[in-house]
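The values are calculated or read from the model by the stated rules, or taken from the named source; none is laboratory data. Source: prediction; values computed, not measured. With ideal geometry, Cβ positions are generated from the backbone for all residues, glycine too; neighbour counts draw on all protein chains shown.
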Amino acid sequence: MTRRQARLIFALDATASREPTWQQARSLHGALFDAAASESSLSVQLCYYRGVAEFRTSDWLSAPAALLDQMNGVTCAAGITQIDRLVRHGLSAGSANQPIRALIFVGDACEEPVDELLALAGQCGLRKVPIFIFQEGHDQHAQAIFNNMAKLSGGARLPFDLDSADRLRGLLGAVARFARGGIKALRKSSTPEDQLLLDQLQQ
């Protein structure tokens, strides 16, 4: 009998627009893996896109060291966003015994047709795969799209602020707890970050 194991996808925009802050952001990317380490039945996959149609995925891993090794090998390369490809992957990556509990995406821009992205986000909502988007920067076009994608999928858009590292780690931990235990897990917690995520999800 196959042991049931929840899965969480952690995806990065590794295009050139993020290169100026990449070294700082990398330590914050790793915060998710620290948060996931305490969830013994939660498996994480690292995904990223960059360059000319390059899209890569890691194995499903639960050991923080292995995940960090994968992440530390990622570098930026000029290219366009591939958020649609990422979401399609998230929709196809789960199974009955290994469901995708959440898709976390860290990015700063969106260069794809809006209607297609929103349709994919709606499919995520129907399949209960919420998208949690951590947006770096203040691109208003991307923010509007990300807000709608998060809402349609049942997730949330949150700022990726390099000046608020501790808060971001707390939010990533809240997402990991949500992926493992749902709304109930957030309601049982008293941390400000869990409450913030709960408020976002209930809007």
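Brief remarks follow.
- Condition met for ALA78 (modelled with pLDDT of 95 or more, assigned to a helix (DSSP H, G or I) and either closer than 23 Å to ALA174 by Cα or among the hydrophobic types (A, V, I, L, M, F, W, C) (or both)): no
- Residues in the range 46-94 that are buried (at least 21 other Cβ atoms within 10 Å of the Cβ), closer than 22 Å to MET149 by Cα and not β-branched (Val, Ile, Thr): LEU46, CYS47, TYR48, TYR49, ARG50, GLN82, LEU86, GLY90.
- Total residues in the range 81-90, condition assigned to a loop (DSSP other than H, G, I, E, B) and in contact (Cβ under 8 Å) with a residue 60 or more places away in the chain: 1
- The one condition in (1) touching a Phe, Trp or Tyr at 6+ places or on another chain (Cβ under 6 Å); (2) at pLDDT below 90 that ALA65 fails to fulfil: (1)
- When GLY154, GLY182 are checked against the criterion of being in contact with a Cys (Cβ under 8 Å, 6 or more places away or on another chain), at pLDDT 80 or above and closer than 22 Å to GLN123 by Cα, a single residue qualifies: GLY154.
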